[in-house]
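Okay, so here's the structure we're looking at.
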Amino acid sequence: MTRGDRDRSGEQPSLPAELEHAFRGRRLPARVRRVIVDELGPGASSSDLAEAVRALVEVTREQDRELRWHQSELEQTNAGLLALHAEIDRQRQRNAFLDAVSRASATSLDGVEMLDVVATLLSSREFAERIQVWKATDTGLLCLADPASQPDATTQEALRTREPAQEGAHRLSVPLTAGPHVLGVLDLHRADREFGSDDVSLARGIADRAAVGLRNAIVYEREHELAERLQHAMLPSLTPQAELDLAARYRSATRGVHVGGDWYDVVSRPDGTVVLTVGDVTGHGLDAAVVMGKLQNALHAYALEGHGPATSLRLVHQLLRGWTSSLFATAVVVEVEKATGVMRWASAGHPPPLLESGDGHATYLDAEHAPMLGINFRREIPEHKRQLTPGSSIVLYTDGLVERRTSDIDTGLDRLARAFTGAGTDDLDQRAERVLHSMLGADDHDDDVCLLLCRWTRSA
Amino acid sequence: MTRGDRDRSGEQPSLPAELEHAFRGRRLPARVRRVIVDELGPGASSSDLAEAVRALVEVTREQDRELRWHQSELEQTNAGLLALHAEIDRQRQRNAFLDAVSRASATSLDGVEMLDVVATLLSSREFAERIQVWKATDTGLLCLADPASQPDATTQEALRTREPAQEGAHRLSVPLTAGPHVLGVLDLHRADREFGSDDVSLARGIADRAAVGLRNAIVYEREHELAERLQHAMLPSLTPQAELDLAARYRSATRGVHVGGDWYDVVSRPDGTVVLTVGDVTGHGLDAAVVMGKLQNALHAYALEGHGPATSLRLVHQLLRGWTSSLFATAVVVEVEKATGVMRWASAGHPPPLLESGDGHATYLDAEHAPMLGINFRREIPEHKRQLTPGSSIVLYTDGLVERRTSDIDTGLDRLARAFTGAGTDDLDQRAERVLHSMLGADDHDDDVCLLLCRWTRSA
Amino acid sequence: MTIVPTVREVPIRTDMDIVGVRQAVREVAVSVGFSLVDQTKVVTAASELARNTLKHGGGGTAEIELEERADSTALRLVFRDEGPGIGDVELALRDGYSSSGGLGLGLSGARRLADEFDLRTAEGEGTTVTVAFVNRDPAAR
Amino acid sequence: MTIVPTVREVPIRTDMDIVGVRQAVREVAVSVGFSLVDQTKVVTAASELARNTLKHGGGGTAEIELEERADSTALRLVFRDEGPGIGDVELALRDGYSSSGGLGLGLSGARRLADEFDLRTAEGEGTTVTVAFVNRDPAAR
Ligand SMILES: [Mn+2]
Ligand SMILES: [Mn+2]
Ligand SMILES: [Mn+2]
Ligand SMILES: [Mn+2]
């Protein structure tokens, strides 16, 4: 009910009272007031003039009512405008939030990293206190941050129904869907505030944006993994040898493109000699990997053909010189006669092999070597010969194992020698693991790492 | 100037006229009107009552003015509200448009396809009549839809300044930037409507969203290309042979994952024999490619060691049976003595080699063969022998070349024989190209295709 | 069929009746739980349509109706006049705001604000404009 | 320093003066080319602040100023009263809309609408609220 309406109800007030009301707030000469009371008040004669005044008062009363209506409408409309602007503001903030989620979802093609950025955003914007991301796998939902944890009924419901699922007012699960696929589920937990219908719809918007990023990450990861495993396929699997233990490891650089130009290879000749090769093409990435594949295969072929270490390297060098590629490579080739323990080796710019005699004493075979393969040189590649003692081990590796930006190469070589001799086991595979662990630890390494271990077990 | 103000200006009207105005629209008794004219009109005595009425009229006049102010304010505010809602609507449409652009930018990880979807969207929403997308490459801007066209000064300016550039009112170029990188430029052309400041800012929003999609596509393409080239690196490059012409081709399936399990290989033994192998691991994708790499290498090694075709296949079969992999493979091994033209071959479930004699007559060598490698069989693999006539050519291939969903395999074999004999050239490389062209055409093929041609040139 | 009771009918004869329509519409909108933003939307549209009825139709009536739907309540406003009708409907509905930023007709503005809009007119046969505003039940949101 | 001339000063003594402030502010906003949406924003804020001055400050004045800036024009409104001042400024500025949807104080609403907002007050020493609305020159947009 408006004020105008209120005025209409109740008893008709006296004319002077109404006039008084109409004049309220206006300075009125005292004699005018008197006239009103005297001539129009109760008991006064009802003249025509009084009638006119009464009509006039009626007009002011009506105007007054209309004025109040207008005032009220203006006030209400003002309030409505303020509320609308508040709503626009809320919508703007919501859009900005979703934009931030979109940006966060595009930060990285690493799914774990990307989802982490999104989760951090959600908690910093206080959309939820605790966030858990589940990724759909062939075997069910997997929590990337905590692989041991299991999805609960609400998470499973969101996965199954492809709709947001709630458990009470403080827990919400939204599916991460991209086209026909459910890629995962986003669990949101709040401590105090409840998830309202607006929050659920906002959570949907968040999930849609995160899902786009996740889909891209999954596609990328699939392709990326493919590249890595293909490269892995280019490296040989070692076939067990009588009188010779072998172990090899390959670790891609943990930063940047995960395809490198390092290789290891083992060639068994029908005559009982075994040829070990380890090499490293300059650079990383595709070109290095392609050149690596070719060099490895060529060296394999030459070794199999019966060429010795120096000749094999020389042939590969000529091959590389003939290509248009401007890449270079270091390589070491070691030949072991299993029957006699005679070892021959040659190196082209490669870090020196480490030789551990059967009694645990380790030395680097730092003999004269050729420049890097591919560099313009014409002199002979020096070849060296040495008699192994039974139980001796040869350690071949690429520079990624011993070089660190923070220390010089000698420090790295010392560390490697200590890591190998101090590995505390005779099992070559375990020694390889321990060497990698003590040399690389859990830190990122920015070069590929190749390690090839060989022990001559023949007792004299 | 408002109506209220107008009332204030001008001459003071007579009291009756004012009363008349105040009463306007109200039924007033005739005698009341008379009283007003008689007692308050010009020449009437100025009584105190008249003074009161005058004051009352002043009140109504003031109320009237205030009422008009309020009415006017209410009208204006209404108009403002409508305009605000129109603005909200425009903003909503703009956001919906940008959301559509975001979605279009996430449709595909194929950059060309994705940019095409975005361009179609922009023209269907009539944001621009003509759209040209330029991709930044190492050598400059490239128009994907028309590689021959060159960017003009405005496009170049957008690239250089990383800011929208305009040429007149109907042409706008916006850079596609993702982080620190300019990935390309979006050219927008309108026929009639001008690009206003709102359009420029909207174009920025569009470009930002398209750039995110483009960046993902570029990263994906880089990685994808890597996988393809790595696989390529796993296949040998043929080394020229005396007395033997060689040509080989590999075409990945144009649909699905571009990594297959087909291979070809050529092994030259020191004794002057050459071994050709072609094989096909069941399935596509990574697992097939990895098995392919291993089988190819093993077969290479056995062949190099001197084993004949049947024995090599038998050894590889045993190898494959020993792995946990559940994949199978077909393979054909052909051995040619360059000195004598004696050819030996064996096949494990592989399509028959095609033999063209020097006189242009072609026959399939459809002799007895073993089941697929990896299948549980124990009987001997049959080996066959044939004397080649000088100038004979051997065609090895995988089923992807001859099998079509739309026709049976015999039709495919007939087509291949005709395509090879009718190639109209002696150059083996050209024949390989023409065979691929007539067998595959420009259509998509959904299996990998391998082709290995070998001609024995030795005159008897 | 849902029963659609006419809650109120307000005559539109003078400028002052416009504010009367506003008030009546606002009261009904408040009574069925429209938010402040939605109330203002409904009232603004009603105000524009009432002005239209008065100015272009020479006066008429505004009916306020309520319709209960499955998950919502619709507030429907019917503005009737027996004026000259609208000859060029397309022109009358053209949006004066989004194109030029100037003052457009209240008709297009009201159409934008309303969830449902219907215009029946013919030259010489008056005009009836119906708009509806839907208020979803809070429970169904 | 830019010279900031006071274009108009309007007293705020009665309810009717609120509409007077609205009109004066609207005229100035129109004169410097504010769009209809922006005019409405300025007027709505002015109306709320004038009501505040009247109700909580017991009346005062509204000054309307214009400031020419590099690429824009700012319309500045200063509302002064010598009332009791605001004790709990934070409470007075709390947003009644976004939290509960109910009626909040005009102060927080005006702050949301304005590009610049300044509040000076102390218990017993009156209140001065300054808001500014910036209109970018069309050429610089
Ligand atoms: Mn390397
Ligand atoms: Mn390295
Ligand atoms: Mn295949
Ligand atoms: Mn196949």
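Numerical summary
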item: Point-charge dipole on Cβ atoms (K/R +1, D/E -1) for region A:91-140, about Cα centre, debye to 20; result: 280
item: Chain B - percent of accessible surface contributed by carbon and sulfur, probe 1.4 Å; result: 48
item: 5 Å binning of all Cα-Cα separations within region D:2-140, expressed as whole percents from 0 upward; result: 2, 11, 21, 23, 20, 13, 7, 3, 0, 0
item: Count of Lys pairs (Cα-Cα under 18 Å; at least 8 positions apart or interchain) in the protein assembly as shown; result: 4
item: Mean shadow area of region B:236-456, taken as a quarter of the surface of its Cα convex hull (nm²); result: 11.4
item: Cα-based Rg of region B:268-351 normalised by 2.2 N^0.38 Å, two decimals; result: 1.10
item: Degrees between helix A:428-440 axis and first principal axis of chain A (Cα, 0 to 90, nearest 10); result: 50
item: Calculated from backbone phi, Karplus (6.51, -1.76, 1.60) coupling profile of region B:339-353 in Hz, x at Gly/Pro; result: 6, 10, x, 7, 10, 10, 8, 8, 9, 10, x, 8, x, x, x
item: Spacing of the two label points (7 Å from each Cα toward its C-beta) at D:Glu68 and A:Thr457, in nm; result: 9.6
item: B:Thr363/B:Asp146 FRET efficiency (R0 51 Å; Cβ-Cβ; nearest 0.05); result: 0.60
item: With Cα atoms, 0 to 90° folded angle of helix A:409-421 axis to chain A main axis; result: 70
item: Per residue, the convex hull volume that the Cα atoms of the protein assembly as shown enclose (Å³); result: 270
item: Cα-centre dipole for region D:2-140 with unit charges at Cβ (Lys and Arg positive, Asp and Glu negative), debye to 20; result: 360
item: Along each principal axis, Cα extent of region A:103-229, largest first, Å; result: 47, 29, 28
item: Inter-probe distance in nm under a simple model that places probes 7 Å from Cα toward Cβ, at A:Asp89 and A:Glu51; result: 5.9
item: Carbon + sulfur, % of accessible area of chain D - ligands and nucleic acids excluded, 1.4 Å; result: 48
item: Net length gained if the chain between C:Lys55 and C:Glu27 were fully extended (0.36 nm per residue, minus Cα distance); result: 7.6 nm
item: Between 0 and 90°, nearest 10: helix A:30-40 axis offset from chain A longest Cα axis; result: 70
item: For B:Thr282, label point 7 Å along C-beta direction: distances to other copies, nm; result: 4.7
item: Accessible area of the protein assembly as shown divided out per residue, in Å², using a probe of 1.4 angstrom; result: 46
item: Where A meets B: accessible area buried, both sides, 1.4 Å probe, Å²; result: 6100
item: Cβ-vector label at 7 Å, A:Gly196, separations to other copies in nm; result: 3.5
item: Förster radius 35 Å - calculated FRET efficiency between A:Asp429 and B:Ile375 (Cβ-Cβ, nearest 0.05); result: 0.60
item: Local net charge near B:Asp187, Cβ-Cβ under 15 Å (Lys/Arg +1, Asp/Glu -1); result: -2
item: Volume per residue that the Cα convex hull of region A:258-315 spans, once the total is divided by residue count, Å³; result: 68
item: Calculated label separations, C:Asp115, copies of the chain, 7 Å along the beta-carbon direction, nm; result: 3.8
item: √(5λ) per eigenvalue of the Cα gyration tensor, chain B, largest first, Å; result: 93, 22, 18
item: Test item: C:38-46 mean partner chain Cβ contacts at 10 Å; result: 5
item: Rg(Cα)/(2.2 N^0.38 Å) for region A:354-460, N = residue count; result: 1.18
item: Chain pair D, A: total accessible area buried, heavy atoms, 1.4 Å probe, Å²; result: 1300
item: Closest-to-axis residue of chain C (Cβ criterion, axis taking C to D), whole Å; result: C:Thr40, 6
item: Rounded to whole Å, sorted largest first: equivalent-ellipsoid semi-axes of region A:56-124, Cα gyration tensor; result: 56, 8, 4
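The values are calculated or read from the model by the stated rules, or taken from the named source; none is laboratory data. Remember, it's a predicted structure, so these values are computed and weren't measured experimentally. No Cβ is skipped: glycine too gets one built from the backbone with ideal geometry, and neighbour counts run over all protein chains shown. In case anyone asks, the SASA skips ligands and DNA or RNA and just uses the protein heavy atoms, side chains included. Shrake-Rupley method; radii C 1.70, N 1.55, O 1.52, S 1.80 Å.
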